[in-house]
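Note sheet for the following structure.
The values are calculated or read from the model by the stated rules, or taken from the named source; none is laboratory data. A quick note: this is a predicted structure, and the numbers were derived from the prediction, not measured. Methodologically, a virtual Cβ is constructed for each residue, glycine included, from the backbone with ideal geometry; neighbour enumeration extends over all protein chains shown.
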Amino acid sequence: MAQTVLVTGSSGFVGRHLVAALAGAGYKVRAASRSPGAVGFGDNVAAVRLPNLAERINWDPLLVDVEYVVHLAGVAHRGAAVSEEMYDRINHVAVADLATAAAKAGLARLIFISSIGSQSGPSAEHVLSEADEPCPTTGYGRSKLAAEIALRACGVPHTILRPVLMYGPNAPGNMGMLVRLAAAPWPLPLRALTGRRSLLAIDNLISAIEFAMKSPATRNESYVIADLDALTLPEIVGVLRAAIARSPRLFPFPQWLLANALRMIGQGDLWQRLGGSLIVNPAKLIAAGWRPAVDTREGLTAMMRSGEAR
């Protein structure tokens with residue numbers, strides 16, 4: 001008999017890909033989102049409404065006959081539009097309540113998709129691993145770390161994944177912005193940027209989730225997760241433009257001048273993401289038995305060539 005997986009945040013970037021992959025692998029999926037009719041899913045998928053996570057909710061009805069939960073739902077980076085309190089209520093308190101209900105229901109595993117932001121700011125001077133003391137620098141990161149702590153304390157079998165910036169068809173946020181910039185014809189002042197960034201293919205994250213659901217080695221463990229390669233921003237843009245048969249068209253611009261310009265308009269954090277390095281070592285998850293199937297350059301090329309990416 002097929003096992004049932006509850007996926008919260010099923011209408012989002014990761015959720016839509018994950019639901020399709022789990023259904024294709026033979027699981028029954030309970031796809032929970034605030035707008036369950038917004039995304040059409042096929043066989044083995046039941047779309048259900050996810051209550052407002054800003055309020056205290058009863059998770060029990062959603063957990064009936066569920067063996068696994070993958071918790072994706074939450075509020076992401078929206079700058080000053082989201083208060084510290086709101087981040088905490090949605091990304092921490094709701095997870096703590098879910099974990100308590102899941103422990104009572106006797107789930108086989110709760111997979112919590114946290115963020116590298118729970119461990120680090122937008123850049124780091126050394127390669128990050130699970131051995132580093134978490135030092136989040138934003139309300140978003142602090143709420144994710146608080147959720148991790150609450151999850152570990154509740155007693156439900158769990159696995160915590162801390163992904164870096166993800167990419168794949170129709171990627172949102174910073175990756176979507178990069179795709180649009182690469183698709184544009186004009187030159188970009190990025191050639192002098194030397195910071196290296198780890199990225200994560202959506203398919204690599206999904207394979208890690210499926211691996212964590214079944215692997216005894218991942219029970220009650222936390223992992224940073226990324227592709228094996230870390231690229232500079234000029235390399236990323238070069239790969240994206242090469243995918244659509246364009247030259248990189250990058251020119252140098254003094255880093256200090258770009259940094260000062262961004263700080264003057266209140267975008268110092270963006271400079272850290274553009275100019276700084278954030279390299280993650282997924283050796284712990286690899287040692288547990290996971291292998292990233294998608295190569296970064298090949299994955300970026302496939303994303304750029306997909307209809308959704310342009």
Check your understanding: Is the stretch 109-119 home to any residue that is farther than 18 Å from Lys144 by Cα, touching a His at 6+ places or on another chain (Cβ under 9 Å) and either buried (at least 16 other Cβ atoms within 10 Å of the Cβ) or of a type outside the set (Phe, Trp, Tyr) (or both)?
Key -> yes
Practice item. Filter the stretch 280-294 down to the residues that are β-branched (Val, Ile, Thr) and touching a strand residue (DSSP E or B) at 6+ places or on another chain (Cβ under 8 Å), then identify the one that is surrounded by the most Cβ atoms within 10 Å (Cβ to Cβ). Key: Val280
Exercise for review: Answer with yes or no whether Ser123 is free of Cβ contacts under 8 Å to residues at least 60 places away in the same chain and not acidic (Asp, Glu).
Suggested key: no
Exercise for review: Starting from residues that are closer than 21 Å to Leu278 by Cβ and among the hydrophobic types (A, V, I, L, M, F, W, C), keep the ones in the stretch 180-195 and report whichever is modelled with the highest pLDDT.
Suggested key: Ala182
**Study point:** Selection status of Gly74, farther than 29 Å from Gly141 by Cβ and of a type in the set (Gly, Ala, Ser)
**Key:** no
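Counting only residues that are closer than 12 Å to Ser120 by Cα and crowded, with 23+ Cβ neighbours inside 10 Å, how many does the stretch 141-166 have? Outline the logic, then answer.
We begin by selecting, within the stretch 141-166, every residue closer than 12 Å to Ser120 by Cα; these are 141-142, 144-145, 162-164.
Subsequent filtering for residues that are crowded, with 23+ Cβ neighbours inside 10 Å retains 141, 144, 162-164.
Of the residues in that region, 5 qualify.
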